[in-house]
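Contents: one structure, followed by commentary.
The values are calculated or read from the model by the stated rules, or taken from the named source; none is laboratory data. Only a predicted model underlies this, so the values are computations on that prediction, with no experimental measurement involved. Here the Cβ positions follow ideal geometry from the backbone for every residue, glycine too, while neighbour counts run over all protein chains shown. The protein model used for the area step is the full one, side chains on, heavy atoms only, and it has no ligands, DNA or RNA in it. Shrake-Rupley method; radii C 1.70, N 1.55, O 1.52, S 1.80 Å.
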Amino acid sequence: MIGKRMIGAAAAALALALTGCGDGGGTDKEKVTFNMSWLPQGSMSGVIAAIDKGYYAEAGLDVNVVRGFGGIRTANELDQGMFEFGYGDPISVVLNRNNGGKTKMVGTINTRWPAGLCYIKERHDIAKPADLAGLTVGGGQSSPMQALVPAWLERNGVDKTKVKLLQLDPALVVTSLVEGKIDAGECWEGNSLPLFRKRAKEAGVTLGWLPYSAFGLDIYGSGILSTEAMLAERAATVKKFLDATYRGYAYSAANPDEVVGMMVKRFPMLEPEITRQQMLETTALMKDGAGRFDPARVASTLDFLKQAYPLKADLAPGDVFAGAQ
C-alpha cells in the first residue's frame, strides 16, 4: 500500500514539476509563479483556494504553482529569478543572504516554529529537553535539525553531546520511530505531524510531542518569500499576491472540507485525512499575527539563527524580513 502510494505520488510530483498548475487566467493577467518548496500538502491550502476561488484572478494575477525541493534550494532559485514567490523559512533566507543573495520573507504563515520531536509514550517519557539525554533523534536529510537542535539544547542547559542526531531519508523517519530504531523523530505541524499520528495509531502505540517552541525557541517558521528586486520593481504585485493569498487562507480556515476537496482534485495523490489535519494545524499556526512581523519575534529569530549558524555578516532585521526594523 505504501509502495503504491509513493509511486503514485512520485508520478504526480513529476507531472507537477514539469507542468505546474495555474488558475487558468486570461492573457491579460500578470503571470507569476509560486514554488511550494516541496510536494503539495495541506499547508498550501490558502494558495490553492486563492486560485480556485479566483482571488488571484480578481487581483489581476495568473498564478502558476510548482513543486520544490526544500526551502534552501527554493530560496536560492528564487534569488536567481526562476520564479517570483516561494514558500520558505527565515533559515533559508539567512543562508541565502549569507552567500550574497537578496531574498526576503515578505509574509508570515507559520507565526511560530512548527517543528518538534515526536516520541512513543510507551517507550519514553520526554517532557522537557533534558529528558533527551542519552537518546537518539532522527530527522530528514534536508531538515535544519543538525544546526538548530544543538543550539536549542544549549539554550535549555542540556549538553548537546549527550543527544545523538541522525540524518535519515525523510520517508524513513516515521517508520524508524514506530519500529523503535530511533527514540525520537523530528516532526512538523502542518506537515508531517498528522502522518506520525496516523502511523502510530496504526501500530497501536501512543504518540508524544515535544514542540521546540515550548522551550525557548521563539522564532518564525515558514512564510512567503520574494526578492529585493520584486519589492523594488514590482511592489504592487507583491502586495496583490499577499492580499489574495491571505484571503485564500481565510477561506480555507472557514471551509476546510471544501478546500480539502480542491486540494485532492488538483493533487490526487493526497490523502484527504492527512491533508485536512495539515490544513487545521496551519490555521492554528497563523493565529498569532499572520501577515505581519512582530519586532520581538523578529529579533528573537535573528538572535537564535546567529547562535545556530556561522554567519559571515551581521544581518539586520530588514535584511531578512521585508519592512522589519
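With both labels modelled 7 Å from their Cα along Cα-to-Cβ, the residue 316 to residue 179 distance reads 5.2 nm. Among 224, 91, 182, which one moves the most in a GNM of the chain with springs linking Cα atoms closer than 10 Å? So, out of 224, 91, 182, the one fluctuating most is 182. For residue 306, go through the lysines and keep the ones whose alpha-carbon is under 22 Å away, minus same-chain ones fewer than eight residues off. Excluding near neighbours in sequence, the set is 102, 104, 160. The trypsin sites (Lys or Arg not before Pro) of region 34-132 that meet both conditions, a loop assignment by DSSP and at most 13 other Cβ atoms within 10 Å of the site Cβ, are 121. Computed as a quarter of the hull surface, the mean projected area of the alpha carbon convex hull for region 198-287 stands at 8.6 nm². If you plug the beta carbon distance of residue 31 and residue 264 into 1/(1 + (r/R0)^6) with R0 = 30 Å, you get a FRET efficiency near 0.70. Across 33, 245, the residue with the most accessible area heads the list, and the full order at a 1.4 Å probe is 33, 245. In this model, which of 31/239; 53/240; 31/53; 164/201; 240/287 are farther than 19 Å apart at the alpha-carbon? In this structure, 164/201; 240/287 lie more than 19 Å apart at Cα. Given in Å, the Rg to one decimal and the Dmax to the nearest whole number for the Cα atoms of region 140-240 are 17.7, 55. When Rg and the Kirkwood radius Rh are both evaluated on Cα atoms of the chain, their ratio Rg/Rh stands at 0.96.
Principal axis analysis of the Cα atoms in region 248-325 yields extents of 45, 24, 17 Å, listed in decreasing size.
Above 12 Å lies some portion of the pair distances; for region 34-88, what is it as a whole percent of all C-alpha pairs? Tail fraction, whole percent: 63. Taking 0.36 nm per residue of sequence separation and removing the Cα-Cα distance, the residue 58/residue 233 pair yields an extension gain of 60.9 nm.
Compared with the alpha-carbon gap, the fully stretched path from residue 205 to residue 123 is longer by 28.6 nm at 0.36 nm per residue. Cut-off under 19 Å on the C-alpha distance; same-chain residues fewer than 8 positions from residue 162 excluded. Which lysines are left, in chain and number order? Qualifying lysines at Cα under 19 Å: 128, 181. For the chain, the longest principal axis of the C-alpha atoms and the axis of helix 145-155 are separated by about 60°.
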